[in-house]
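K.L.:
Can you keep this structure in mind? I'll have questions shortly.
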Amino acid sequence: MSISVCSLDEDMAEAFEPRALPRTRRLDLIEKLRDKGVTCGAFLMPIFPYITDSEEHLEGMYAEL
């Protein structure tokens, strides 16, 4: 199971996915599932060219997960 995360920036994530759970709740969900023994990870998507595809942005997301 995987859960999508598009950005570490809450304002940007809200603009792209206004009805989705905030990043912090998604990461909490991943942690809770893992604690219960469910194999779970994250999809780093969608990735938008020139917006969320910078090396700094992607490295920050990898570090968060």
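K.L.:
Where does each of 50-58, 7-15 land if you order them by average Cβ count within 10 Å, highest first?
P.N.:
Highest to lowest by the protection proxy: 7-15, 50-58.
K.L.:
Roughly how many nanometres apart are two label points built 7 Å out from the Cα toward the Cβ at MET45 and GLU64?
P.N.:
1.8
K.L.:
What do you get for Rg/Rh of the range 2-64 when both radii come from the Cα atoms and Rh is the Kirkwood radius? Let's see the in-between values first.
P.N.:
On the way: Rg = 11.9 Å, Rh = 12.1 Å.
Reported Rg/Rh, Kirkwood definition of Rh: 0.98.
K.L.:
Could you give each residue of the range 8-20 its phi-based ³J(HN,Hα) in whole Hz, using Karplus coefficients 6.51, -1.76, 1.60 with θ = phi - 60°, and x for Gly or Pro?
P.N.:
Coupling constants for the range 8-20: 7, 7, 4, 5, 5, 4, 4, 5, 7, 9, x, 9, 7 Hz.
None of the figures in this text is laboratory data; all of them are computed from the coordinates on show. Everything numeric in this text was worked out from a predicted model, so none of it was measured. Every residue, glycine as well, gets a Cβ built from its backbone with ideal geometry; the counts of neighbours run over all protein chains shown.
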